[in-house]
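Derivation of every value follows stated rules applied to the coordinates shown; laboratory data play no part. Predicted model only: the values in this text are computed from it and were never measured. Cβ atoms come from the backbone with ideal geometry, glycine included; neighbour counts cover every protein chain shown.
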Amino acid sequence: MTTSVDMVVAGSTVRVLVDPTRTTAPGVPTLGPSIGEYPCYDTVSYARMTDDEERNRRFRAALARLAAGRVVLDIGTGADLLWARESVRYGARRVVAVEAMEESFHRAGTWLAEPGAGERITLLRGVSTELDIAPRAEVCVAEIIGSLAGAEGVAAVLADARRRHLAPDAVVVPHRCVTLAAPVAFRRLLGGAPVAFAADSLGYLRTIFEWHGSPFDVRLRVKDPARDALLGGGQVVEVLDLNGHLPLEQRRSVRLTIDRPGVVDGVLTWLRLWCLPDGEPLDALRVASNWASVYFPLFDSEHPVEAGDTLDLTVTSTLGEDGTHPDYHLDAVLRTSTGTRSASHSSPYRGGGFRHHPVHRHLFP
Ligand SMILES: C[S@@+](CC[C@H](N)C(=O)[O-])C[C@H]1O[C@@H](n2cnc3c(N)ncnc32)[C@H](O)[C@@H]1O
């Protein structure tokens, strides 16, 4: 069941297709806008992260190994001051925690009353790239990792941090993140439910549009996608080595091989993350966590495919207009027994048009 909801954004009305029967719940495929890269964190999204045990045990294992006696910088500490407090618990000598969003910063401040926190944690309000921070940190926790690994701007934020905030041999947590991609048909990702936004995603959609000043074709976040929608294994299309070479922009080409008959109209992308080089990775498609996946439409309609067909995919990330958050661009060539089809899709951080692709015209009727 779907219904249209009228949303007023910056004086104009946007019609949004909603499935009122669907709200985000564990294991239920739902659609929403990708939110991590926009300033729309609220109590619900922070609680999902603070309660995300699969994620948290990996970050804790890294801090247990690295924090004792060290100066730690927590970039994007969030409303729960989480990794700053955990760093103190694991014996950090001193912690500087930075938070960009004003309300989150104030809520984080209430945790400083906890025993031991106020003496060792300094909490700063602002964006790390615009702050002066001293002393230089020996360990940096930067959980500014998106469902598309680089979408929250971690490469540019860390390049700045290495230059201005970190000691020369500082260790960053997480250690490495990659984005994978696999061929899919959008409709199948939602497990048979109508293609419409989940009821509880509308508030985020409104916040993103208001931040932008107008509607645009948001990235499509699919939480708990139906696994049988994937028509092939995932290949790595973005690599972020946070303790190694970390380019601000990158381009990767892969060949995705279809492994069974079906239909394809785009790709699903998702995160794999390592907090320690020898730690167990978190794969967002295999493990229940707060991270979702992102669907990118490529073709205007579904194309039948057979096992052995291929989708050649190139994913390019370039720095967006704010110099921090990447714009993504995808080029694809689908080769089947009936011919070869090319497609491309641009997903800038800001703007880039509204209702450009049929799927966005469907979702914003
Ligand atoms: C994914 S949340 C993580 C929150 C918390 N650290 C956790 O792991 O549960 C990212 C947080 O970082 C903040 N943020 C993102 N980039 C930042 C930056 N460059 N400087 C300061 N805060 C930032 C966001 O406002 C948000 O609160």
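Given the Cα-Cα distance of GLU302 and THR257 and 0.36 nm per residue of separation, how much length would full extension add, in nm?
Numbers: separation 45, 0.36 × 45 = 16.20 nm, distance 1.67 nm.
Additional length available on full extension: 14.5 nm.
With label points built 7 Å along Cα→Cβ from the Cα atoms of ALA113 and GLU280, find their separation and express it in nm.
Label-label distance for ALA113 and GLU280, simple model: 3.8 nm.
Taking the Cβ of LEU81 as the centre, find all other residues whose Cβ is under 10 Å away and add up their charges (Lys, Arg: +1; Asp, Glu: -1).
Cβ neighbours under 10 Å give a net charge of -3.
Eigenvalues of the Cα gyration tensor times 5, then square-rooted: what semi-axes does that give for the chain, in whole angstrom, largest first? Walk me through the numbers before you get to the answer.
On the way: eigenvalues 253, 106, 66 Å².
Square roots of five times the eigenvalues give 36, 23, 18 Å.
I need the calculated FRET efficiency for the pair ASP312 and ARG355, taking r as the beta carbon distance and R₀ as 25 Å, to the nearest 0.05. Walk me through the numbers on the way to the answer.
Details: r = 28 Å, r/R0 = 1.11.
So the FRET efficiency works out to roughly 0.35.
Mind grabbing the base-10 log of I(q)/I(0) for segment 45-145 at q = 0.15, 0.19, 0.22, 0.24 Å⁻¹? Debye formula, identical points on the C-alpha positions, no solvent, two decimal places.
-0.52, -0.87, -1.19, -1.41
So in the chain, what percent of DSSP beta bridges are antiparallel if you round to the nearest 5? Write down the numbers at each step before the final one.
Numbers: 65 of 85 bridges.
In the chain, approximately 75 percent of DSSP beta bridges are antiparallel ones.
So what are the ³J(HN,Hα) numbers for segment 330-343, from phi and the Karplus equation (6.51, -1.76, 1.60; θ = phi - 60°), rounded to whole Hz, Gly and Pro as x?
With the stated coefficients, segment 330-343 comes to 10, 10, 9, 10, 9, 10, 10, 5, 8, x, 10, 10, 10, 7 Hz.
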